[in-house]
Amino acid sequence: MTACERAAALLPESWRGALPAPDSNWLAAHLAACSDCAADEAAWRALGALTVGEPAPGLRARLGAALAAPPARAAVWPRWRLPLAAAASVLLVALGLAAGWWWRGASLPAAPAAPDTSAQIASLRREVETTQRAVLSLLRQSSPSTRLQGVVDSTNVPSDDGAVRQALLEVLENDPNPNVRLAAIDALARPGADASGALVEAFHYQSSPLVQIALMDHLAGSGAAPARALMHTVSQSRAFVPEVRQRAAWALRQ
Amino acid sequence: MAGAIEGSVEGTITREIPPMEGLDDDLCLRRLQAGDSAALGELFERYHRALFQFFTRLGEAHADDLAQEVFVRVLKYGHSYRPGTRVRTWLYTIARNVRHTHRHRQRAEVAWDEVYAPSYSPPDEADANQQRRYLALALGRLPEDKRELLVLCRYQELDYAEVATLLGCSVGAVKVRVHRAVRELRQQYFELTQGGSL
């Protein structure tokens, strides 16, 4: 067994503080002389500096609420899936109505169209307003999964809806969760929406390389001067990680 | 002790049973099995933070929901706990199952540099923050099994015997694997930083 193999066998024990003194002394001397094994030790120590956040203070209350709910419901529909369940219910009702409407139309003589059309338009308008309110409410919730659902639902609202667009921009600039921000990019940049200026502005708020790269993907090929200026700056700046710089250079070439 | 647990079922907890804080995990769980729901609250206080951070460190976007689900399952399947088993190991077994189920439903993972996002620091700490950012990215690049092993051994305060029970292997195998995982972490860090070392 080489000295490094012996060190590899001892290091995991030393990380537990469970190494007998003779082995501990031998290992210390080896680490002082062997940079490769010393780097293992350094990596283990460096991992200790990676801290993560704390759970939300209301977690215990939520557990109590979950346990108080009827067991079958709690098991089938975890909390983060409730918006999905609600959306599915709405879809089923809508499909049922559409099927009924089609059946009526196919089996009965055609009715005068004008009054029904205006009623439909009024109904659709109400539906859009309801969806808009629901989206704005979801985007304000504390749970990332609920906000994510809000961003997804926002695509059911016309892209020129000012309130929803503004809310999505705020999400993109301020939401602490990168998955929510990534979804907001897709929602803002959906086909037919002119989001280039907003995406350029939002880029300056981003620290996550993933989000930065996603923004570059959406700006790729844009002829707008601010977008091209941003791509050029990012591709040249060492303030960004290499992956982001490379993606900016690629976007500039599109 | 069995008599004391039976007493809790009859609603005489305060006189016949010592306070929860004084109970070890095993007794706590046995009280839960006997129908004392307050024991679940005590286990929650002891472990919810560690479980939340376990899920967070593995890149789960819904760490709070998953931690909650662990305790729902503890209540649901508490009868399957065998006295004498280490409760902490049993809880992590449930946690791994919860995560396994969740990952089959959806794959919403947090970006690694966000999981370990450093808080604002003065400029002279910028290099250290940058090192942590790359280290977090390197951890995220590890294969799932090595990443989980490092999280369990480095952060969750589990000893190698517990990790071996969780993973279904020997203690010796855990030690070998944890060293290999550290080596691969170094390699990933090296590639990310184009030659940097920790």
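Principal axis extents of the Cα atoms in the range A:6-47, from largest to smallest and rounded to whole angstrom, are 23, 21, 13. For the range A:131-190, treating each Cα as an identical point scatterer without solvent, what Debye log10 I(q)/I(0) comes out at q = 0.23, 0.26, 0.27 1/Å? The computed values of log10 I(q)/I(0) come out as -0.79, -1.04, -1.13. Amide H to amide H, with H built 1.01 Å from N, B:Glu60 comes under 5 Å of B:Val110, counting only residues 5 or more places away or on other chains.
Hey, what's the Kirkwood Rh for the range B:133-195 if you take every pair of different alpha carbons, in angstrom? When all Cα pairs of the range B:133-195 are included, the Kirkwood radius is 12.0 Å. Overall dimensions of the range B:56-99, expressed as equivalent-ellipsoid semi-axes from the Cα gyration tensor (√(5λ), whole Å, largest first), are 21, 11, 6. Kirkwood's formula applied to the C-alpha pairs of the range A:196-251 gives a hydrodynamic radius of 10.7 angstrom.
Values in this text are rule-based calculations from the coordinates and carry no lab data. Quick caveat, the model's predicted, so the values are computed rather than measured.
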